[in-house]
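Participant: Let me give you the structure first, and then I'll get to my questions.
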Amino acid sequence: MTEAMTVRPATPADIPEIVAATNEGGFDEAVFSWIIPDENARRRHVAAGVENSTAWVTDALATGEIIVAGDRSREIVAVAQWRYEDGGQPEPDATPADSTAFLDQAYGQHAPRMMLLLDLVAARHPHHEPHWYLQQMVVVPRYRSRGFGSAILRHQLARADAAGVAAYLEASTPRNRALYERHGFQAMGQPIDLPDDGPSLQPMWRPRRG
């Protein structure tokens, strides 16, 4: 971490900047590019989706934790969304009707791909012990390869280690997988292969420490 870098939990006051950084950092992300394959459609989705993104970030702050990183040039350039899982089994058919309606509104004709992704990921999610789940991590493109991703990983993993709690995620690219391996994550089973030439998501588990 550089001297100028800051890493901290987000607050509701950060929501507009989190939305902006997430939209910038997620635009070329492998899974988002699969959900909305056409680049022009992706740009229209990002431009029109501030209201939906704000609702998503507000909910994420209420139900989990968002860690943000920045430096002197910009307050928030990296975002990591974490959710604590207590290890219990989820209810069958647990996707509520309002979530389906939200996805329809947010993704339009692309909603079925998003729903399929959520179903495939949920089917592989481990429930054998409590853990922190990294749902999403993005870095604004021009700030990549500067250590921001590692910094926000270290922040939450230190917290997990202090509590003796494991961590879980799905890596969407070989580069991401290598990053997570450097922080103690290990491949967990076979990849989740998305159809139509989509990316392979590698479930990864970091055992509890301490």
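Read the figures in this text as sums done on the coordinates, not as results from a lab. Bear in mind the structure is a predicted one, so any value in this text is a computation, not a measurement. Backbone-built Cβ (ideal geometry, glycine too); neighbour counts: all protein chains shown.
Participant: Pick out, from Ala4, Val31, Asn52, the residue whose Cα sits farthest towards the positive end of the charge dipole of segment 1-65, with +1 on the Cβ of Lys and Arg and -1 on the Cβ of Asp and Glu.
Facilitator: Of the options given, the answer is Asn52.
Participant: Residue-wise, which Karplus ³J(HN,Hα) couplings in Hz belong to segment 193-202, taking 6.51 cos²θ - 1.76 cosθ + 1.60, θ = phi - 60°, and x for glycine or proline?
Facilitator: Coupling constants for segment 193-202: 8, 7, x, 6, 6, x, x, 9, 9, 9 Hz.
Participant: If I model a spin label as a point 7 Å beyond the Cα along the Cα-Cβ vector, how far apart are those points for Asp193 and Arg72 in nm?
Facilitator: Here the modelled spin labels are 5.0 nm apart.
Participant: Here's another thing I want to ask about it. Step through the residues of segment 14-23 one at a time and calculate ³J(HN,Hα) from phi using the Karplus curve (6.51 cos²θ - 1.76 cosθ + 1.60, θ = phi - 60°), rounding each to whole Hz and writing x for Gly and Pro.
Facilitator: 8, 3, x, 6, 5, 4, 4, 5, 5, 5
Participant: What FRET efficiency comes out for the pair Glu129/Ala55, r = Cβ-Cβ distance, R0 = 45 Å, nearest 0.05? Spell out each step's value before the answer.
Facilitator: Details: r = 31 Å, r/R0 = 0.69.
Approximately 0.90, to the nearest 0.05.
Participant: Sticking with this structure for a sec: Under the definition of Cα pairs under 8 Å and six or more residues apart, what whole-number percent is the relative contact order of segment 123-205?
Facilitator: Relative contact order here is 29 percent.
Participant: For a protection proxy built on the mean count of beta-carbon atoms within 10 angstrom, sort 167-176, 102-111 highest first, please.
Facilitator: Numbers: 167-176: 20.1, 102-111: 15.6.
Highest-to-lowest ranking by the protection proxy: 167-176, 102-111.
Participant: Related question: In a shell of Cβ-Cβ distance under 11 Å around Arg83, excluding Arg83 itself, what net charge do Lys and Arg (+1) and Asp and Glu (-1) give? Present the calculation step by step, with values, prior to reporting the outcome.
Facilitator: Values: positive: none; negative: Asp59, Glu65, Glu85, Asp86.
Its environment carries a net charge of -4.
Participant: Determine the dipole magnitude for segment 6-206: charges of +1 sit on the beta-carbon of Lys and Arg, -1 on that of Asp and Glu, nothing else is charged, the reference point is the Cα centre, and the result goes in debye to the nearest 20. Could you put the intermediate results ahead of the total?
Facilitator: On the way: 18 positive and 26 negative charges, 195 e Å.
Here the size comes out at about 940 debye.
Participant: Determine ³J(HN,Hα), in whole Hz, for all residues of segment 108-125 in sequence, where each value follows from phi through the Karplus function 6.51 cos²θ - 1.76 cosθ + 1.60 and θ = phi - 60°; x replaces Gly and Pro.
Facilitator: Running phi through 6.51 cos²θ - 1.76 cosθ + 1.60 with θ = phi - 60° gives x, 5, 8, 4, x, 5, 5, 5, 4, 4, 4, 5, 5, 5, 4, 5, 9, 5 Hz.
Participant: A further question on this structure: Using only the Cα atoms of segment 88-193, build the gyration tensor, take square roots of its eigenvalues as a ≥ b ≥ c, and label the shape rounded, prolate or oblate: rounded if a/c is under 1.5, else prolate if a/b is larger than b/c, else oblate.
Facilitator: Details: a/c = 1.94, a/b = 1.34, b/c = 1.44.
Oblate, because a/c is 1.5 or more while a/b does not exceed b/c.
Participant: May I pose another question? Compute the Cα gyration tensor for the chain, then decide on rounded, prolate or oblate, letting a ≥ b ≥ c be the square roots of its eigenvalues: rounded whenever a/c is under 1.5, prolate when a/b is larger than b/c in the other cases, and oblate in all that remain. Walk me through the numbers before you get to the answer.
Facilitator: Details: a/c = 1.40, a/b = 1.07, b/c = 1.31.
Taking the square roots of the gyration eigenvalues as a ≥ b ≥ c, the chain is rounded.
Participant: If you count the DSSP beta bridges with both ends in the chain, what percent of them are antiparallel, to the nearest 5? Can you show the working numbers first?
Facilitator: On the way: 27 of 31 bridges.
If we restrict to bridges inside the chain, about 85 percent are antiparallel.
Participant: Considering only the other residues whose Cβ falls under 10 Å of the Cβ of Leu120, what net charge follows from Lys and Arg at +1 and Asp and Glu at -1?
Facilitator: Details: positive: Arg124; negative: Asp119, Glu170, Asp193.
Net local charge, Leu120 excluded: -2.
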